[in-house]
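Q: Right, I'll just put the structure down here and ask away after.
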Amino acid sequence: MDKYIGKLLGGRYEIIDVVGVGGMAVVYRARCHVLNRYVAVKILKDEYAKDPDIRKRFSIESQAVAKLSHHNIVSVYDVGSENGTDYIVMELIEGITLKEYLQKKGHLNWQEAVFFAEQICRALIHAHSRGIIHQDIKPQNVIILRDGTAKLTDFGIASFATTQETRVVQEAIGSVHYISPEQAKGSKIDYRTDIYSLGVVMYEMLTGKLPFEGETALQVVMQHLNAVPLAPSELMPGIPKGLDEIVMHAMCANIGKRYASAEALYADLEQLKNDVQSRFGYAYTDDETGETQVISRDVQLAARRTAAQEQAAHAAAQRRETATAVREPEGFFDRLAERPGLAAGIAVAVVAVIALVVVGLLLATGGAKEEKITVPTLVGQTIDDVIADATYTEQFTIKEAEQRLESDRPVGEILEQDPEAGAKVTKGTIITLTVSAGGENVSDTYKIIDFKGRTLEYAQTILDEHEVSYKTAEEYSDEVEAGKITRTDPAAGEELEKGATLTLYISKGKEEKKTTVPDLNGLSQSAAEKALTEKGLVLGSVDPVESSASVGTVVWQSVTKGTEVSEGTAVNIQISKGKSQQTTTPDTPDSGETDTGGDTGGSTTEQEPTQPTTGSATIPVTLPDSTDMAHVVISVDGVVQYDETLETSMGSISVPLTSSPGQHEVTVSVDGVSSSQTCTFN
């Protein structure tokens, strides 16, 4: 069992379970006991927690994201360190990564691709305006919610533009398919690095393919430096030419010819969305006439072959001339002007030298030190289960090689894998799977995957694809939050016969236990607290008031005795501090006498303060329309009086509150967003 599960960090965050595993950290679902809400807690893995450089990088992430507050960026609530454990507390969101979404759909239509690209653009506009460069834009770092909202996450290698240091490619070797040329060369970077990576993401959304692929990371890096991919519409007809131009302009290897800002990219996407015939005139390169044009892959390859041949011919001629005579010196640039072929050859040679230098840098700094990870056991699982599991897809590239007829193995079950389980490989390694295509003796069944903790929508998508009938039932659960699946019947791993119905059990959350409020009147403060504790309640605020009752005894309680409330409810009390001193008022001037005592003398006594009464106020709360459920917490002077999770279809609610008469501070929190106001209780 994970050592952090069940642990309380910072005295408030109770770790519940693992929701994701990244390269350097593990993300847990946790419950904040202070604000009574679920959060995500990101904790460095043990092997990195002792590395000061990595801890610094982890700290940079928390600094970076803590500066950001945007609808399309995952929020950070808190950061901390406890006994050597560094952690970041973030917004807990439910959805799938853009990578998983692409794996399910293959590719997106251009309208949907633009829809997501614009949201990522908006996140980058906000981050760049705060001086932050993400540096690791990829589909794995974009979370898609049920309503289509895209949220950018994982600022693990983010940097501040004002203090940005040069980085080499091993910094983002796990994201090599999305790396910018300047990152690959270890050059100084700026905001345009994120634009290049977003261009690659758009290319993948539109075509379902990466622009550059290779057997090794180095092969991919060299393509980023030297190659130009086919335009998206050449792979997927129907994509607007204007969108071709946007994507290729964002992916321009020459940083000076790329989009200058995320705002400029967003503006073009907006224009294209409003006018599909829009053209922008961007080029991949410039021709000899100076006119801007798009150069196809075939033309580029032919040009490179011609340049290489000219280089070889001129190099041979130069060697012959050097062997027979010594020529008069002549200006170098003059010779280039007279012989454009030689200029092209030298240009190719220079590119080749730069490539060799970069390869040497990679081999010296990145390749030898690349982290090794263990290949998991995939044989026996289903291909759908593996592809849907981010634990596998974020660490490895899953590839289905072939389907093979097997007499007794169900369709989709993994029969073989290469590399084998237990092998040590680098992150991103391709795992090739051989999958069963079924056979004559295979019963027509569905192998149930583990849906625990998943949303109903997620399970419905998977089951509908396999044409599996299902029904739902509700049950209380202390482990799974309300609205998520707790278990299935039959259980995960079992075979469901054709025509049978799978039952999905949906959590109603923890079962709310009720108790009755005891009579606290006349008790001391300690006795009142004990009486409340025995009933599962909590002592709230304690206010001293003037009263004729015995000093130190309870004269008022915020919740009437005998009222049925939820366990954990706070009850406020008032304690007597005795009566005020009596004072006399002299007789009127015309009395002529001084009273010396008695019941009918000329003096009066101040009236004893009246017994405090209970004040009340009603607070209206507007529920959000962006989610199905909302968690509402209302406190009076810091003491929680209302804590419920509600269906947002109600629109708004009115909550009655009680306290002593007068003004009190009321704080209303809806899904963690709080606002305070001063209210009068009458």
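The values are calculated or read from the model by the stated rules, or taken from the named source; none is laboratory data. If you're wondering where the values come from, they're calculated on a predicted model, not measured in any experiment. Cβ placement follows ideal geometry from the backbone for every residue including glycine, while neighbour counts extend to all protein chains displayed.
Q: Can you give me the ranges of the helices (runs of 4 or more DSSP H) entirely in the stretch 198-317 with at least 1 residues that are at pLDDT 90 or above and either on the phi > 0 side of the Ramachandran plot or over 28 Å from the mean Cα position of the chain (by Cα) (or both)?
A: Output list reads 232-235, 241-250, 262-274.
Q: So residue 84 passes all but one of these: (1) crowded, with 19+ Cβ neighbours inside 10 Å; (2) on the phi > 0 side of the Ramachandran plot. Which condition number does it fail?
A: Here residue 84 clears every test but (1).
Q: Could you please find all residues in the stretch 413-436 being in a strand (DSSP E or B) and polar (S, T, N, Q)?
A: 417, 426, 432, 434, 436
Q: Regarding the stretch 214-233, can at least one residue be identified that is in contact with a Gly (Cβ under 7 Å, 6 or more places away or on another chain) and under 23 Å from residue 101 (Cα atoms)?
A: No, every residue in the stretch 214-233 fails to be in contact with a Gly (Cβ under 7 Å, 6 or more places away or on another chain) and under 23 Å from residue 101 (Cα atoms).
Q: Within the stretch 575-682, which strands (runs of 3 or more DSSP E) (wholly inside it) include 2 or more residues that are surrounded by fewer than 17 Cβ atoms within 10 Å (Cβ to Cβ) and modelled with pLDDT of 80 or more?
A: It comes to 615-622, 639-647, 652-659, 662-670, 673-681.
Q: What number of residues in the stretch 485-520 are touching a residue at least 40 places away in the same chain (Cβ under 8 Å) and more than 26 Å from residue 564 (Cβ to Cβ)?
A: 13
Q: On to the next question. Run down 484, 513 and say which single residue is surrounded by fewer than 12 Cβ atoms within 10 Å (Cβ to Cβ) and not aliphatic (A, V, I, L, M).
A: 513
Q: Would you mind telling me which numbered condition in (1) modelled with pLDDT under 80; (2) out of contact with any strand residue (DSSP E or B) (no Cβ under 6 Å at 6 or more places or on another chain); (3) surrounded by fewer than 18 Cβ atoms within 10 Å (Cβ to Cβ) residue 366 fails?
A: (3)
Q: Still on this model: Only one of these is more than 19 Å from residue 58 (Cβ to Cβ), surrounded by 24 or more Cβ atoms within 10 Å (Cβ to Cβ) and modelled with pLDDT of 90 or more: 150, 123. Name it.
A: 123
For every residue, the table says whether it meets (1) buried (at least 20 other Cβ atoms within 10 Å of the Cβ); (2) within 26 Å of residue 426 (Cα to Cα); (3) outside the structural domain of residue 267 (by TED's automatic domain parsing).
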| site | (1), (2), (3) |
| --- | --- |
| 186 | no, yes, no |
| 191 | yes, no, no |
| 216 | no, yes, no |
| 225 | no, yes, no |
| 230 | no, no, no |
| 234 | no, no, no |
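Q: Test residue 39 against the stated conditions and say whether it is surrounded by fewer than 20 Cβ atoms within 10 Å (Cβ to Cβ) and not assigned by TED's automatic domain parsing to the domain that holds residue 631.
A: no
Q: Could you grab me the full set of residues in the stretch 444-473 that are out of contact with any helix residue (DSSP H, G or I) (no Cβ under 9 Å at 6 or more places or on another chain), assigned to a strand (DSSP E or B), within 18 Å of residue 498 (Cα to Cα) and polar (S, T, N, Q)?
A: Residue satisfying the conditions is 445 alone.
Q: Additional query: Kindly indicate the residue of the stretch 631-675 that is on the phi > 0 side of the Ramachandran plot and without any contact (Cβ under 8 Å) to a residue 60 or more places away in the chain and also nearest to the chain's Cα centre (by Cα) among those meeting that condition.
A: 651
Q: Same structure, new question: Take residue 129 and decide whether it is surrounded by fewer than 21 Cβ atoms within 10 Å (Cβ to Cβ) and out of contact with any Phe, Trp or Tyr (no Cβ under 9 Å at 6 or more places or on another chain).
A: For residue 129, the condition - surrounded by fewer than 21 Cβ atoms within 10 Å (Cβ to Cβ) and out of contact with any Phe, Trp or Tyr (no Cβ under 9 Å at 6 or more places or on another chain) - is met.
Q: Next up: Within the stretch 448-462, can you find the residues that are modelled with pLDDT of 85 or more, under 15 Å from residue 494 (Cβ atoms) and of a type in the set (A, V, I, L, M, F, W, C)?
A: 448, 451
Q: Determine, yes or no, whether residue 532 is crowded, with 19+ Cβ neighbours inside 10 Å, assigned to a loop (DSSP other than H, G, I, E, B) and at pLDDT 85 or above.
A: Spelling it out, it is not the case that residue 532 is crowded, with 19+ Cβ neighbours inside 10 Å, assigned to a loop (DSSP other than H, G, I, E, B) and at pLDDT 85 or above.
Each row is one residue, and each column tells you yes or no for (1) without any contact (Cβ under 8 Å) to a residue 12 or more places away in the chain; (2) acidic (Asp, Glu).
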| residue | (1), (2) |
| --- | --- |
| 180 | no, no |
| 188 | no, no |
| 200 | no, no |
| 204 | no, yes |
| 212 | no, no |
| 216 | yes, no |
| 219 | yes, no |
